[in-house]
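What follows is a short report on a single structure.
Laboratory data are not the source of any read-out in this text; all were calculated from the coordinates shown. Just so you know, these numbers come straight off a predicted model, no measurement behind them. We place every Cβ from the backbone using ideal geometry, glycine too, and count neighbours over all the protein chains shown.
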Amino acid sequence: NKRQEQYEAATMTVAPGSHQITPVITHFLTERLQPKLDKLKESDEEKRQKLIREHEPQNWIADAARRVTQIRRVTHAIKYAHPDAKGSSLFSRGNPIAGDRLAGTHSLNVPTADVVGNAAALDVYKFLRLEVNGTTLLELAKSESDALLDAFGGDDNARIWMKAFADIDSLGDAPASHKLAKQTYWPVGDDGYHLLAPLFPTALVQHQYGFIHHDRFSEAAKSAREARRKNAPYANGYREYPKLAIIKFGGTKPQNISQLNSERHGEVWLLASLPPQWTSRGLKPPCHVESIFGRWLMGFSSIRERVRIIKRFLGKTSHNNLAIRNTRADLTRTIIDDLLMLAIRIQQLPPGWSATPDCRLTQAECFWLDPGRATEDGDFAAERAATDWSERITDGFSRWLNRQLNSDKTPMADAERDHWRSSLADEMHLLREALSHD
């Protein structure tokens, strides 16, 4: 359709011409040349002229085409096992059979290629990564672009250079491991085994490093954390990665391991391989209210949403058949479940909080929500045992829920209040039985 055609036209990459490629190459070489010239003394005219000749496009590209054989694009590199390992590194998109249940290189739509080999030749790859109209020089070389051929000079030498650059991904010799690489004997039955040579997934690590780095150091993340410290509103949240471990590769020369290792400053971040520890953050004792059955309870979004749903349901029908009653019972049970889960969380707070001067809760709610206090306070324990506090809790709940649901369309009376009271009483009884059996 027309909209699809407009989208494809907007996102289509236009093949660059040689007149666009040549200035990009010239700018790249000038940026490399100028710092070297700036370091020379005025008397070093011979060296100056030599550098200028070396950075003329024809001369530099010819030298780069010779040196490109010293580097390879890879996704899995061997030197992370040992910097002196001489075996093969590979370019692989991973094993798609592994599926979505396992994270690996196969999970990446387009893995970021790493470069290994002679660190002195890494500038060649920077050259090949130059973009013109969204297309890299390497992609142009692989596609045998006529425009790139013309920019290189259009002769037989230019064809040789393009072929050399396009072959950067070729493996060359047969794959081989090395005595300094990692190797694992893997049993396969009948007293046999495979000798596995695991390689470091540098492309996958780069992907992980990229999004963790953004989450930790981007301006948006910094602004969100600053807003959190000031307790100010902010449009976006942020992510934290507690207990990150850092492993270093390459020492003071990370470029000797790989190009991406150099860009990561030799660091790889390891997530904590630990089971999650769930803690209740921000839950405080309800000390400054006379009852939780009021604005304090409605301060929890889950409770508010449950009340809204049941109120909307009751307002849509005036019938009172079995299906309506069953649905109403199910909706009421969700509110009660949330209430009891919230009560359990409060009960797990350090005991004795209800004895502080700030606590204004009713005695029944103190008995319910601070049961641990009974182990330290004998008077509290005796009064708790002698009081039918659960009946006061169910009565407080039923009155609160009636108030929340009462409206012109859904008038609440004693019959509804008795229903809410008995529903909570049943659930609390079942909960006490379950806890006593444990």
In degrees, nearest 10, the alpha-carbon axis of helix 322-347 is tilted away from the dominant principal axis of the alpha carbons of the chain by 80
Angle between the Cα long axis of helix 156-166 and the longest principal axis of the chain, 0 to 90 degrees, nearest 10?
-> 30
To the nearest 10 degrees, the tilt of helix 2-11 (Cα long axis) against the first principal axis of the alpha carbons of the chain is 60
Links exceeding 25 Å between C-alpha atoms in this model, out of LYS50/LYS79; LYS179/LYS248; LYS36/LYS253, come to LYS50/LYS79
Run down the lysines and flag those whose C-alpha is under 23 Å from the C-alpha of LYS163, throwing out any fewer than 8 positions away in its chain.
-> LYS126, LYS142
Residues with beta-carbon under 15 Å from that of LYS50, excluding LYS50: net charge, scoring Lys, Arg +1 and Asp, Glu -1?
-> +1
Which length gain, in nm to one decimal place, applies between ASP169 and GLN363 when the Cα-Cα distance is subtracted from 0.36 nm times their residue separation?
-> 62.2 nm
Read phi for every residue in the range 82-94 and hand back ³J(HN,Hα) as whole Hz from Karplus 6.51 cos²θ - 1.76 cosθ + 1.60, θ = phi - 60°, with x for Gly and Pro.
-> 6, x, 9, 5, 10, x, 7, 10, 10, 10, 9, 7, x
Of the residues PHE293, PHE91, PHE165, which exhibits the maximal mean-square fluctuation in a Gaussian network model of the chain defined by a 10 Å Cα contact cut-off?
-> PHE293
Phi-derived 3J(HN,Hα) across the range 352-361 with the Karplus relation (6.51, -1.76, 1.60, θ = phi - 60°), rounded Hz, x for Gly and Pro, is x, 5, 6, 8, 6, x, 6, 6, 10, 5
Sequence order, the range 25-40: Karplus ³J(HN,Hα) from phi using 6.51 cos²θ - 1.76 cosθ + 1.60, θ = phi - 60°, Hz rounded, Gly and Pro as x, gives 5, 4, 5, 4, 5, 5, 5, 7, 6, 4, x, 5, 5, 5, 7, 7
Rg (one decimal) and Dmax (whole number) from the Cα set of the range 27-133, in Å, equal 19.1, 65
